[in-house]
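Here is the structure we will look at.
Read-outs: derived from the displayed coordinates by stated rules, not from any lab. Owing to the predicted nature of the structure, the values given are computational and were not obtained by experimental measurement.
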Amino acid sequence: LTEVYSSSPALGRYFRSAQVISFSNESSTVIYQLVFAVPPSTEGFMENSMNSDFIRNILRQHIYDED
């Protein structure tokens, strides 16, 4: 995750860290925390760039690009 988000053209400059919060071998589930340092409120920034769907899609695109 650190490599994915730190190298992202859209979010790399804001990304600070990724940490695994919980991991389950049974269900292959990982809960993680991403930390971003965001600029002072800019119109639309939080709604667009820090939108959970947008952040998830960056990871999804990285996975697709690996294949």
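For the stretch 46-62, take each phi angle, set θ = phi - 60°, evaluate the Karplus expression 6.51 cos²θ - 1.76 cosθ + 1.60, and give the result in whole Hz per residue in order, putting x for glycine and proline.
After applying 6.51 cos²θ - 1.76 cosθ + 1.60, I find 5, 6, 9, 6, 9, 5, 4, 5, 4, 5, 5, 5, 5, 5, 4, 5, 4 Hz.
Figure the gain on full extension for Glu26 and Leu1 (residue separation times 0.36 nm, minus the Cα-Cα span) and round it to one decimal in nm.
Here the segment from Glu26 to Leu1 would lengthen by 6.9 nm.
On alpha carbon coordinates alone, what is the Rg over Rh value for the chain, Rh being the Kirkwood radius?
Computed over Cα atoms, the ratio is 1.00.
Amide H of Ser17 versus every other amide H placed in the peptide plane: which residues, excluding those fewer than 5 positions away on the same chain, fall under 5 Å?
Excluding prolines and chain starts, which carry no amide H, the hits are Val35.
Please report the relative contact order for the chain, taking Cα pairs under 8 Å with a sequence separation of at least 6, and give it as a percent rounded to a whole number.
29
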